[in-house]
1. Taking 8 Å as the Cα distance limit and 6 or more residues as the minimum spacing, I'd like the relative contact order of region 4-101 as a percentage.
2. How much length is gained on full extension from ASP262 to ASP218, taking 0.36 nm per residue of separation minus their Cα-Cα distance?
3. What is region 64-144's relative contact order, in percent, from Cα pairs under 8 angstrom and six or more apart in sequence?
4. Charges on Cβ only, +1 for Lys and Arg, -1 for Asp and Glu, centred on the Cα centroid of region 120-349; of ALA121, PHE295, ILE215, which one is farthest towards the dipole's positive end?
5. Hey, got the dipole for region 262-418? About the Cα centre, +1 on K and R Cβ, -1 on D and E Cβ, debye to the nearest 20?
6. Gaussian network model of the chain, Cα springs within a sub-10 Å range: biggest mean-square fluctuation belongs to which of CYS47, CYS126, CYS12?
7. Want the number for LYS38 to LYS69: 0.36 nm per residue separation, take away the alpha-carbon distance, what's left?
8. Where the centroid of each part is defined by its Cα atoms, how far is region 391-408 from region 241-257 in Å?
Amino acid sequence: MRLRIGILSLGCPRNLIDSESILSRLFRKGYKITDIDKAQVALVNTCAFIKEAKQESIDVILDLIDLKKEGKLQKIIVYGCLPERYKAKLAKELPEIDAFLGRISPDKDTERFSLTPAHYAYLKICEGCINLCSFCIIPKIKGRLVSLSVEAILNKVKEFDKKGISELNIIGQDITGFGLDLGSGVNLVYILKEILKNIKHIGWIRLLYLNPERIGEDLLKLIRNEDRICKYIDLPIQHINNRILKLMHRKSSRSEIVRLIDRVRKIIPGVALRTSIIVGFPGETEREFNELLGFIRDVKFERLGAFKYSREEGTPAYNFSGQVPEKIKSDRFNQIMSCQQEISKQVNSGFIGKELKILIDECAEGSYLGRAQFDAPEVDGLAYVRSKIKLMPGDFVNLKVTDTLEYDLVGEVQNESIK
Ligand code: SF4
């Protein structure tokens, strides 16, 4: 009788896809895939790009070791970014772990054991990165950019479309780099057009992780002109002060970022801009931080994620002088987050009385949870949906917004499912 296997997939959606590939291979070998609390073998796909993520991975591993000591688990296998960085050290310090396996080779094998709800999926079109930001360990873990072949991508898309998913989230470390290693003419715009030609059911295509350097007008116009592409641009700027951007080895300057944001908002009216920033980068002065805070206040990104700089050995910034004390990093982080909370409240309140297309994610006792096109799964806001008609996850509905919270919307379904 084959063992029962359960997986905990930590970190980003890119890791989730790797976890789905691992499970699919084991499932085809006849292993029974089950929830972690019923498993005999526990797999953990770890994240290790910043301190907090490493700590979460370690905490999860230690919890599983306790379960093993209680005889509730037979084996524990640790995958992914943490062993990719610290295999030898981990093996010495955690002898209870049966195997440490690094990162998973890019997903050539299209079979995946889905770990997302059935109505949305992630598609990783490339792995690795060539941008080499000075604070980032990912290129060391994931290597240089490797794009999936056009054929493999379209096979996957057709499979998802046949399954009737409603939302396809396209990811990579930097999807604007897609195709740079595949030869001329193949790039993000090309593959999006090919994907659009090959789908009938998928209602939303969402683009995640676009690097500001390679966002061209052709991409923006395609997003504007194609209803099925969410008017949602996820472009991490990391900072806005030129001296800090240079130290981060980011190739866009303040004025270039400002011009890009203007161009995006001009070409795609009503677009939701999401960004990620880092506070407390080595040498960041109070004045430079205030420049960033002022910029966030002025630009009013619809969605924003902030990180405290994490000093990662193996990155150039690890050895930079002027490492900022944790207390100051936390103060700056809190200032940014409370500023963004106000902005998000303002942005959301602008939708009261308006009708929005909402994708239903969950049904709970007659009320529903969903998302608008400017809310990515797991990271952004939600819509609390009241409906007289019975709805299912994956349904698209027209929602009249009756109230808003800092990050979320509340509303009433207007008419029959519009799928
Ligand atoms: S673009 Fe992103 S993944 Fe690539 S090096 Fe920079 S921060 Fe890391």
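The values are calculated or read from the model by the stated rules, or taken from the named source; none is laboratory data. Predicted, not measured: the structure shown is a model, and the values here were computed from it. Please note: Cβ atoms are built from the backbone with ideal geometry, for glycine as well, and neighbour counts cover all protein chains shown. For accessibility, only protein heavy atoms count, side chains too; no ligands or nucleic acids. Shrake-Rupley method; radii C 1.70, N 1.55, O 1.52, S 1.80 Å.
1. 28
2. Values: separation 44, 0.36 × 44 = 15.84 nm, distance 1.55 nm.
Between ASP262 and ASP218, full extension yields 14.3 nm more.
3. About 24 percent, as a whole number.
4. The residue sitting most towards the positive pole is ALA121.
5. Taking the Cα centre of region 262-418 as origin, the dipole is about 380 debye.
6. Greatest mean-square fluctuation among the candidates belongs to CYS12.
7. 9.6 nm
8. 38
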